[in-house]
Amino acid sequence: MTLADRLRAPDPEVCRAAIAELAERGRATPEELAALADCLGAGRKAVERPAAEAFAALAARGVPVDEILLGALASPLPRRRWGAAFALSLVGDPPPHTLPVLLETIGADDGDVRWAAATILLRVRNRDGLVAPLAALVADGNPAQRKMALYCLRDLEACTPAVEQAVLHALGDADRDVRLAAVATLARLARDRGAAAAKLVHALETGDERVRRAAAAALGALGERSAPVLAALGAASASPDPSLRRAAKGALRQLGTE
C-alpha cells in the first residue's frame, strides 16, 4: 500500500500514521499532496487537524502547497473548505481567498470550529475589509453567524455608525445568543453612549435572566452614570436572582457608586 493509499485509508489510525510520516519526511509527490488534501475533509478532527498541520510542516520545508490548498478552498465539501482555510492560516497570514470560507465557517454547527474561524478572521491583514461583510452577516446570517459576527466586530473595535446600527438592531434578535452578543458588543462599540445606556437599561429591565445579567455587566463596562442607569442597577442589585445581584453590584462598583 502506497503512502497516498494509506492517507486515504478508512481507518483513522492508518491515516494519522501516514500523515505523520509525510510530515516527518518533509517532501511529497503530487499524488500524496492530493491525498493529504482529501484528509482535510475527512469528517474526523483527529485526521483533519494533523493534515492541516502537515501542510504547514511541508510548507516550512519549501514544499509548494498553496496551489492545492487554494483548490481545496473551492471544494463542494464545507469541512474540506474549512480545512484548507485552516491549513493556509498555519502556513502564514490568512490570504484574501480564505475570507468567504471563514465567514461561512463562523456559522458552523461545531462551536470549536466557529471560534477557530473567528480567531483566524481577526488575523486577516485587511481589517477594514472585514467590517462590511461582518455587519452584513449580523443582519442576514444564520443565528451562529450573527452571534459570531458581533463578537468579531467587537474584537475588531469597529466603531462605525453602520456597525452601531447593526448592533442596536441585534438587541431585538429572535435568538437569545445573538441578543447576548449584541449586549456585550454594544458596551464596547457604542458611539452614542447615552442612547446605548438607555437600550441596555431596557434590556436589564425586560430581558430574560441571561440577558439581564449581561446587560448589568455591560452597563458597568459602558461607564455611563446617569440616573436611569444607577436606578436600574440599584433595583437589579436587590434581585432574588443571585447572579443578577452580583452582576449589578459589580457594575455599580465599576461606576464607583456602589
Quiz item: Got a sec? Which residues in the stretch 139-154 would a label at GLN165 touch, if it sits 7 Å along Cα→Cβ and we count backbone N under 15 Å?
Solution: 139-140
Exercise. Would you kindly find the accessible area of ARG61, with a 1.4 Å probe and non-protein molecules such as ligands, DNA and RNA excluded, rounding to the nearest 10 Å²?
Key: 140
Quiz item: What nm value, rounded to one decimal, do you get for the distance between ARG245 and ALA46 when each label is placed 7 Å out toward the C-beta?
Solution: 4.7
Practice problem: Please give the length that would be gained between ASP66 and VAL14 if that part of the chain were fully extended, namely 0.36 nm times their separation in residues minus their C-alpha to C-alpha distance (nm, one decimal). | Solution: 16.2 nm
Exercise. Grab every C-alpha pair in the stretch 126-258, bin the distances at 10 angstrom width from 0 up to the longest one, and report whole percents.
Key: 14, 45, 30, 10, 1
Practice problem: Can you tell me the dipole magnitude for the chain around its Cα centre, using point charges on the Cβ only (Lys, Arg +1; Asp, Glu -1), in Debye to the nearest 20? | Solution: 820
Quiz item: Roughly speaking, what is the centre-to-centre gap between the stretch 4-22 and the stretch 83-114 when only Cα atoms are used, to the nearest Å?
Solution: 23
Exercise. Work from the charge dipole of the stretch 213-256 (Cβ charges, +1 for Lys and Arg, -1 for Asp and Glu, about the Cα centre) and give the residue of PRO228, ALA215, GLY250 farthest towards its positive end.
Key: GLY250
Self-check item: Mean projected area in nm² (Cα convex hull; one quarter of hull surface) for the chain
Solution: 15.7
Quiz item: To the nearest 20 debye, what charge dipole does the stretch 101-185 have about its Cα centre, counting +1 at the Cβ of each Lys and Arg and -1 at the Cβ of each Asp and Glu?
Solution: 180
Quiz item: In terms of Cα to Cα distance under 21 Å, which lysines are near enough to LYS199, apart from those fewer than 8 places away along the same chain?
Solution: LYS147, LYS249
Quiz item: How would TRP82, TRP115 rank on accessible area, largest to smallest, probe 1.4 Å?
Solution: TRP115, TRP82
Quiz item: Hey, how many Å between the Cα centroid of the stretch 221-238 and the Cα centroid of the stretch 160-191?
Solution: 19
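Taking R0 as 25 Å, what's the FRET efficiency between ARG210 and ASP93 from their Cβ-Cβ distance, rounded to 0.05?
The formula returns an efficiency of 0.10 here.
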Quiz item: Of the heavy-atom accessible surface of the stretch 4-87 (probe 1.4 angstrom), what whole percent is carbon and sulfur?
Solution: 55
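The values are calculated or read from the model by the stated rules, or taken from the named source; none is laboratory data. In this text, all values refer to a predicted model and were calculated from it rather than measured experimentally. Every residue, glycine as well, gets a Cβ built from its backbone with ideal geometry; the counts of neighbours run over all protein chains shown. Calculation scope for accessible area: heavy atoms of the full protein, side chains included, ligands and nucleic acids excluded. Shrake-Rupley method; radii C 1.70, N 1.55, O 1.52, S 1.80 Å.
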